Amino acid sequence: MGSKVISSAKEFFNVLRSLQDEASNDTYTYEEDIQILKMNGDRIGVVNLYCGNQPVFICQKAVPKINDDQQIAEYSNCADADADTDADADADADVNVLETELGPEPLTIMKARQLLSWYTLSQNANVSAVDNNPALHPLWVRCDMSDPARTTWFGAETVCVGNKVSGVKLYSVTCKGSTVDKKSLLTLDELKQEHKKRHHPSSMAIKGSARFNLFGSTVVENTVIESQSSVTVDFKWSHVESILETPPLSSTATLNIKVTSGEMRSPMFEMYRELEFLQTLADGLRTGETEWMEPLESTSAVNLTKAYLEELHDTAKTLQDQAAKTAENTKPKSDTDTPIFNSLLERGDLDFVEQLWVRMRKSVISYQDIGDCLKLVIEALRYGDIKPWIHRDSSSSLSKLILQSYHQQIDHVSLTGVTPVHMLLEMGLDKMRKDYINYLIGEELTTLNHLCYYLSTEVDLQEQVIRLRKLHHLLEIIVTCSTFLALPYDRLFLLTQSCLQHYKTYPYDEEHEFKLQIKPALISHFYQKEQPLLWGVEVSSGHGPREVRTSLQLSDRPLVDHVIFETEYPNETVNGDSEDPAFFSTLLCCSLVNFA
């Protein structure tokens, strides 16, 4: 019997070892009904509490793919799968039946314990039939809560002295459904006793943590106003005195900032619409197909351009030397501009090319429009009807033609094919870059040297658009934190530098969370009267790799996604109108097993 167990442990070790050595993170099926995944621990809330972003193995039940016409309701907690299935069900009936993969499913408690015992045996060099093996990544197993303790996870992690494995930490995670009854929650003294039962420590440290929502989806008159953007704050502090206490002002606080461009309540919304039109032009050049946006002006692009040229021509007869002032005075106004937007990003020094862009981007609905408008402008320049003013550092093709017109020498431009689109895209890039510079430099958040990567015209137009989108996203983040959180200058400056540095290396990603250290006093009015999304307390003892921890996590939603929890209220009323918030309770315990 013993030799069979050791043989199974060795086989399990070999599978994990091969997965650990592989560069890919492909799912592996073991014993036909067990899936083993390799991933970073920070992708799973509970595992992240102990393992952070280090690689871990996740074991769960292998669920076969099912056809869309099968009943997904047979399986527990498959909301994500349901959404996918509904979308597929609405597809054309003639399309072949697609397969949908269900969400994660737990293993039985007995199977989970067996896997942990194999993992532990395979790491124990004192078991004669097992070689002196190198340390494996931590192992975490999803459980089905079928035991009296209602266990949702088992975990195991090696403890090493030098390169030698000297023991294993075993973890268990137990959960309770949501409740508003604070008396039913574990007390701080009970948590300490839970820790002492396993570890008999001479001294213990107690740390608190909490997460609050500062900006994001909100509930107004029982209606949820959805937002893809979010700003949360994580607190950490010592000397916890009671469960669910408010983080003290001495806490360390970190903002987690995730902003999605294009939200209508953002002060950057008008600028986003401008960027959308620019992206439409870039996509048209790249793919050969363009989906034109709904025009914002009722007058056609050609008529707007004609009127603008006539206005300049009439003015130039008497005020040629005041072209710059004319450009400012004739700046078109938009009914959709908001006061806050004007104060943030609107410039009063738009030159001829920039004003032409403003008119065209609000009225162009075809390639023909672009070509006709530019033809009118070039003819007016060629015949000397206008002598427009432009910024000295303008780099677009049209700006170069204007400079040539000052000397009555204009290159021939064939306005065929994609040339007009190319020229209009350059005009937009030039104008919007100056808008962003105007804000960032004006607010003293950076310098031109730090913006070189984003302002370069040496790369192709598609790359210039990508870099402009990064700059726009950066401004969305800064303006959100400035407008809605009223962060002080020094924090905005630090955040700007962090974002600029990040986007020099990484691709555009609205899902990325930017981090910012902050003093709790700066945002105390946002969180001190609010309920936390997550509140935790941790009791620990020991040091270094032998440190052991017992923690309680209270959250407004389950920290576990593979089981369904009972709640005292329907989901729609949890944390809704009730003055008493409902919390899900998660207890994480640790045991240290030393190899003799």
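For LEU592, are the conditions met, namely being modelled with pLDDT of 90 or more and either of a type in the set (S, T, N, Q) or touching a helix residue (DSSP H, G or I) at 6+ places or on another chain (Cβ under 9 Å) (or both)? Against the criterion (modelled with pLDDT of 90 or more and either of a type in the set (S, T, N, Q) or touching a helix residue (DSSP H, G or I) at 6+ places or on another chain (Cβ under 9 Å) (or both)), LEU592 qualifies. Whether any residue in segment 288-308 is touching a Phe, Trp or Tyr at 6+ places or on another chain (Cβ under 8 Å) and either modelled with pLDDT of 95 or more or open to solvent by 50 Å² or more (accessible area, probe 1.4 Å) (or both) is what I want to check. Taking every residue of segment 288-308 in turn, at least one turns out to be touching a Phe, Trp or Tyr at 6+ places or on another chain (Cβ under 8 Å) and either modelled with pLDDT of 95 or more or open to solvent by 50 Å² or more (accessible area, probe 1.4 Å) (or both). Note on segment 385-430: residues that are open to solvent by 60 Å² or more (accessible area, probe 1.4 Å), over 13 Å from LEU374 (Cβ atoms) and either among the β-branched types (Val, Ile, Thr) or in a helix (DSSP H, G or I) (or both) amount to 2. Residue count for segment 247-273, restricted to those that are assigned to a helix (DSSP H, G or I) and open to solvent by 10 Å² or more (accessible area, probe 1.4 Å): 4.
Within segment 136-154, restricting attention to residues that are out of contact with any Gly (no Cβ under 8 Å at 6 or more places or on another chain) and in a strand (DSSP E or B), which residue is nearest to HIS543 (Cα to Cα)?
By that ranking, first place goes to PHE154.
Against the condition among the hydrophobic types (A, V, I, L, M, F, W, C) and modelled with pLDDT under 90, how does PHE583 come out, does it pass?
Considered against the rule, which asks whether it is among the hydrophobic types (A, V, I, L, M, F, W, C) and modelled with pLDDT under 90, PHE583 comes out as no.
If we scan segment 501-508, do we find a residue that is part of a strand (DSSP E or B) and surrounded by 16 or more Cβ atoms within 10 Å (Cβ to Cβ)? Checked segment 501-508: no residue is part of a strand (DSSP E or B) and surrounded by 16 or more Cβ atoms within 10 Å (Cβ to Cβ).
Within segment 486-495, at least one residue is touching a Leu at 6+ places or on another chain (Cβ under 9 Å), at pLDDT below 95 and surrounded by fewer than 20 Cβ atoms within 10 Å (Cβ to Cβ).
Quick check: is even one residue across segment 350-364 part of a helix (DSSP H, G or I), in contact with a helix residue (DSSP H, G or I) (Cβ under 7 Å, 6 or more places away or on another chain), modelled with pLDDT of 95 or more and open to solvent by 70 Å² or more (accessible area, probe 1.4 Å)? Checking segment 350-364: not a single residue is part of a helix (DSSP H, G or I), in contact with a helix residue (DSSP H, G or I) (Cβ under 7 Å, 6 or more places away or on another chain), modelled with pLDDT of 95 or more and open to solvent by 70 Å² or more (accessible area, probe 1.4 Å). Look at segment 1-19: where a residue is over 17 Å from THR158 (Cα atoms) and a partner is at pLDDT below 90 and of a type in the set (Gly, Ala, Ser), sitting 6+ places away or on another chain with Cβ atoms under 6 Å, you get ILE6/ALA129.
Note on segment 365-374: among residues that are open to solvent by less than 20 Å² (accessible area, probe 1.4 Å) and either not in a helix (DSSP H, G or I) or not aliphatic (A, V, I, L, M) (or both), the one that is farthest from ASN303 (Cα to Cα) is GLY371. Of everything listed in (1) in a loop (DSSP other than H, G, I, E, B); (2) modelled with pLDDT of 90 or more, the single unmet condition for ASP577 is (2).
Listed by first and then second residue, the pairs with beta-carbon distance under 8 Å, at least 6 apart or on different chains, first residue in segment 354-367 and under 12 Å from LEU425 (Cβ atoms), second open to solvent by 20 Å² or more (accessible area, probe 1.4 Å) and of a type outside the set (A, V, I, L, M, F, W, C), are MET360/ASP369; VAL364/PRO295. Restricting segment 155-186 to residues that are of a type in the set (Ser, Thr, Tyr) and assigned to a strand (DSSP E or B), the residue that is surrounded by the most Cβ atoms within 10 Å (Cβ to Cβ) is TYR171.
Of all residues in segment 471-491, those that are farther than 17 Å from LYS504 by Cα have Cβ atoms under 8 Å from Cβ atoms of residues that are among the aromatic types (Phe, Trp, Tyr) and outside any helix (DSSP H, G or I), 6 or more apart or on another chain, in THR480/PHE215; PHE484/PHE215; LEU485/PHE215.
The values are calculated or read from the model by the stated rules, or taken from the named source; none is laboratory data. If you're wondering where the values come from, they're calculated on a predicted model, not measured in any experiment. Ideal geometry is used to build each Cβ from the backbone, glycine not excepted, and the neighbour counts take in all protein chains shown. The accessibility values were calculated without ligands, DNA or RNA, using every heavy atom of the protein model including side chains. Shrake-Rupley method; radii C 1.70, N 1.55, O 1.52, S 1.80 Å.
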